[in-house]
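The values are calculated or read from the model by the stated rules, or taken from the named source; none is laboratory data. In this text the structure is predicted, and so the values were computed from the model without any measurement. Ideal geometry is used to build each Cβ from the backbone, glycine not excepted, and the neighbour counts take in all protein chains shown.
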Amino acid sequence: MSDRAQAEGFLFLICFGLCIPVANWLIGNVGTVCVAQGPCLIPVAPGVMAPSGVLMIGLALVLRDLVQRRLGLGWAAAAIVAGTALSALLAPPALVLASAAAFFLSELADLAVYTPLQRRGLVRAVFFSSVVGLTLDSLVFLWLAFGSLEFLPGQVIGKAWMVLLAIPAVALLRRRDAQLGLC
């Protein structure tokens, strides 16, 4: 692996780790509506609101894939474990289990889908693994935290927006990798 690729991998790793505290900060500080003693919400589709932190969770799924592409499976697995601990540490006490379980299971599912698909193309692997991860994250978190899937559409749509916004950058990275012989 080139020094450049390794440096990019560590940058992706740092950004992945930062998604967790940024998501927690967004939930309490950024939104078009902030619920008293609750999350700040943003519109993610017409008539659909979601906690603002969901944006960072969608991005974290993409970044985990890029960590694995640059640094390997071991680093990606370690990032999931560290991210789970950070998620539990930063979550409000009532949401520690839901937050940590959702993070761990969704990132593990992302890894399980990305790993075999990466041979068929980076963009395809990132897209499909992220869709699986963001759906599982939403299902697990909402069920454990609230015993309800009432807010599932907003959670899924909000995370999907960040994945979709990241895909062009992933495609550019793949093209550059091919030009530099890093594929």
Count - residues of the range 34-58 that are among the polar types (S, T, N, Q) and under 14 Å from the mean Cα position of the chain (by Cα): 1
Can you pull out the residues in the range 106-127 that are touching a Gly at 6+ places or on another chain (Cβ under 8 Å) and either β-branched (V, I, T) or surrounded by fewer than 21 Cβ atoms within 10 Å (Cβ to Cβ) (or both)? A109, V113
Of the residues in the range 57-85, those that are assigned to a helix (DSSP H, G or I) and surrounded by fewer than 19 Cβ atoms within 10 Å (Cβ to Cβ) number 8
Can you pull out the residues in the range 81-115 that are among the hydrophobic types (A, V, I, L, M, F, W, C) and under 20 Å from V131 (Cβ atoms)? A101, A102, F103, F104, L105, L108, A109, L111, A112, V113
What about G121, is it without any contact (Cβ under 8 Å) to a residue 40 or more places away in the chain, among the small types (G, A, S) and farther than 13 Å from G133 by Cβ? no
Among (1) part of a strand (DSSP E or B); (2) surrounded by fewer than 22 Cβ atoms within 10 Å (Cβ to Cβ), which single condition is L18 missing? (1)
Quick check: is even one residue across the range 144-158 modelled with pLDDT of 95 or more, among the aromatic types (F, W, Y) and surrounded by fewer than 19 Cβ atoms within 10 Å (Cβ to Cβ)? no
Filtering the range 125-182 down to residues that are farther than 24 Å from P43 by Cβ, touching a residue at least 40 places away in the same chain (Cβ under 8 Å) and not in a helix (DSSP H, G or I) yields L182
Meets criteria (within 19 Å of A160 (Cβ to Cβ), touching a Phe, Trp or Tyr at 6+ places or on another chain (Cβ under 8 Å) and of a type in the set (K, R)) for R64: yes
